[in-house]
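For reference, the structure is listed below as structure tokens.
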Amino acid sequence: MDQDEKRIKVLLVEDNSINQQITCEFLQSMGMSVDIAKNGLEAVEKINDDKQLSYDIVLMDIQMPELNGIDATIEIRKNPLNNSLPIVAMTAYTMISDKNKCIEFGMNDYITKPIDYTKLTRIIETWIKSEKKKYIINPETTLNKNNLIEYVELLPYIDFEELMKRISGNIAILMNLFKNFFNDYHDYGNKIFDAIQDKNYEKARILVHELKGVAGNLSAFELEKNSILLEKAIIQKKSDDIQRNYNFFTGSLNTLLLFTSNIEIKKEINNNEPNNDYTISEIKNIINILESKIDCHDVSAEKEYNKLKDIINLKEMFDDIKILGDSLDIFDFQGAKLILNKIKRSFN
């Protein structure tokens, strides 16, 4: 048996690119070979084309386009050769009835999202053939604490250390995850708002539910918490609760989007005056006044913000200024403070 044959071969069936990356990196760090299917239909085709029956286990998402996880499992089990292939459901649903449904339709086990990777390891060890268990590697991730300094502004919104353990401390993967998050979800706040306005609550719930799973996998606990609250309000169709929780949700989403879009880009602002009527010193003074009002959760901070917005007309800072205003509009003072600190550093 050569080295590749000794490795555990996993078919990961997951339509979300961020969840794919994180789970794939974890499995590979344990010495496993990973093949990816983007939906249930693709999974059925890969398994049926696998004449050598080389897959040791399938990790199957439930909610997917083309063909969902349960229907894909039913199709896979139609071939008697696949009856012994372990299939593990991955879903954000936590009800016992959901687990029972997965087992009833041919799955072997069940793990909830966000994935607990210690639990996932135990499940894989339970279902793979005993002779392959010895080839599982227990990765030791040594985090460079200096990396925490570079990303310190993310810490109120992301458990950075937990996320880095999931991706084996790989900064390049982290950068790619942030890039994908911004590209995939920068317009989700508007999509959800439009669905709520149209009273298309099921569409709104699905969008929030997806983002909740991604936030959990990114260890973005603030966004995950607000997603849970918003999803609950949407299910209950309580307008006041929906509006309130949507405001909290968009505050945490926008703040995370800001940092994930800019973390690689160190925007340098030269010493030219942003506005000929104000010196750098005067602008810093306005920023300091605004900062003190934000620290006190003073609603009059909006007045100082408007001054700052009128003064700073640099194209490079347009997004930062806009999100600062959005945060103040919904009284997200913590998010506003983080963004203001970023603007402040640009003038130091």
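Within the range 320-335, the set of residues being farther than 18 Å from ASP187 by Cβ and acidic (Asp, Glu) comprises ASP320, ASP329, ASP332. Of the listed requirements (1) surrounded by fewer than 23 Cβ atoms within 10 Å (Cβ to Cβ); (2) over 19 Å from TYR110 (Cβ atoms), VAL44 misses just one: (1). Look at PHE248 and say whether it is assigned to a helix (DSSP H, G or I), at pLDDT below 85 and not polar (S, T, N, Q). Spelling it out, it is not the case that PHE248 is assigned to a helix (DSSP H, G or I), at pLDDT below 85 and not polar (S, T, N, Q).
Only one entry in ILE192, ILE269, ILE196, ILE173 is of a type in the set (Val, Ile, Thr), more than 16 Å from the chain's Cα centre (by Cα) and modelled with pLDDT under 80, namely ILE269. Screening ALA215 against (1) closer than 30 Å to GLU161 by Cα; (2) of a type in the set (A, V, I, L, M); (3) more than 13 Å from the chain's Cα centre (by Cα) leaves a single unmet condition, (3). If you go through the range 322-333 and keep only what is surrounded by fewer than 17 Cβ atoms within 10 Å (Cβ to Cβ) and either in a helix (DSSP H, G or I) or at pLDDT 80 or above (or both), you end up with LYS322, GLY325, ASP329.
Here is the figure for the range 84-102: residues that are under 28 Å from the mean Cα position of the chain (by Cα), surrounded by 13 or more Cβ atoms within 10 Å (Cβ to Cβ) and not basic (Lys, Arg) total 10.
The values are calculated or read from the model by the stated rules, or taken from the named source; none is laboratory data. From a predicted model like this one, the values you see are computed outputs, not experimental measurements. Please note: Cβ atoms are built from the backbone with ideal geometry, for glycine as well, and neighbour counts cover all protein chains shown.
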